[in-house]
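The values are calculated or read from the model by the stated rules, or taken from the named source; none is laboratory data. Everything numeric in this text was worked out from a predicted model, so none of it was measured. All Cβ positions, glycine included, derive from the backbone under ideal geometry; neighbour counts span all protein chains shown.
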Amino acid sequence: MNNSKLTALLLLLITAHLYTGVSAYDTVGVYSPVGDHATLQCANVVHPNCSSTTWNYENRGSRSVTELVADGKVTDPQRAERLRVESDCSLHISDLHPEDAGLYTCRQYLIEDGSQHGEDAPVLLSVLSSK
């Protein structure tokens, strides 16, 4: 492994470490190359049909949060064709772009009263490029 790849790997591991402690669930790190796909697991599923599942995305650079999935359905029109909610409520992202990297949070809500159920389940996605 050359020095630039080793440096990039170390930076990714440090970044992943900085996100730990966000919730009661440990932050899971997922690493996939540009153009490939990634499946982000939701660790706190309430309803098996995913009707109580929300996925949010936080861009690491701007700290802006975007809702990608609400009530188990993809809501982000810009990425709708690349996103899919799996039967286990995990989030599948196809044709990864560098800007897909960031913190994804799976959140569950109780249908009866709309309150959040349990803690957030964070997943840190790192998109690796060959540069």
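Couple of notes before you dig in:
- Residue in region 77-100 that is within 13 Å of the chain's Cα centre (by Cα), β-branched (Val, Ile, Thr) and at pLDDT 90 or above present: yes
- Any hit, region 41-52, residues being in contact (Cβ under 8 Å) with a residue 60 or more places away in the chain and under 21 Å from residue 128 (Cα atoms): yes
- Residues of region 76-91 classified as loosely packed, with under 15 Cβ neighbours inside 10 Å and closer than 14 Å to residue 104 by Cβ, total: 1
- The condition (being within 18 Å of residue 26 (Cβ to Cβ), hydroxyl-bearing (Ser, Thr, Tyr) and in contact with a Phe, Trp or Tyr (Cβ under 9 Å, 6 or more places away or on another chain)) is satisfied by just one residue among 54, 66, 105: 105.
- Some residue of region 44-52 being in contact with a strand residue (DSSP E or B) (Cβ under 7 Å, 6 or more places away or on another chain) and in a strand (DSSP E or B): no
- Top-ranked residue in region 22-45 [being within 15 Å of the chain's Cα centre (by Cα) and small (Gly, Ala, Ser); ranked as nearest to residue 125 (Cα to Cα)]: 29
- Those residues of region 28-40 which are free of Cβ contacts under 8 Å to residues at least 60 places away in the same chain and surrounded by 15 or more Cβ atoms within 10 Å (Cβ to Cβ), in sequence order: 39
- Members of region 62-77 that are in contact with a strand residue (DSSP E or B) (Cβ under 8 Å, 6 or more places away or on another chain) and either more than 16 Å from residue 101 (Cα to Cα) or among the acidic types (Asp, Glu) (or both): 67, 69, 70, 71, 72, 73, 74, 75, 76
- On inspection, residue 53 passes the criterion of being at pLDDT 90 or above, closer than 17 Å to residue 119 by Cα and under 14 Å from the mean Cα position of the chain (by Cα).
- Scanning region 16-37 for residues that are at pLDDT 80 or above and part of a loop (DSSP other than H, G, I, E, B) turns up 26, 27, 34, 35, 36, 37.
- All positions within region 71-124 that are acidic (Asp, Glu), in contact (Cβ under 8 Å) with a residue 12 or more places away in the chain and outside any loop (DSSP other than H, G, I, E, B): 99, 100, 119, 120
- Search result, residues across region 46-67 that are surrounded by 21 or more Cβ atoms within 10 Å (Cβ to Cβ) and either within 15 Å of residue 127 (Cα to Cα) or among the hydrophobic types (A, V, I, L, M, F, W, C) (or both): 50, 55, 57
- Lone unmet requirement of (1) within 26 Å of residue 33 (Cα to Cα); (2) surrounded by fewer than 16 Cβ atoms within 10 Å (Cβ to Cβ); (3) over 14 Å from the mean Cα position of the chain (by Cα) for residue 114: (1)
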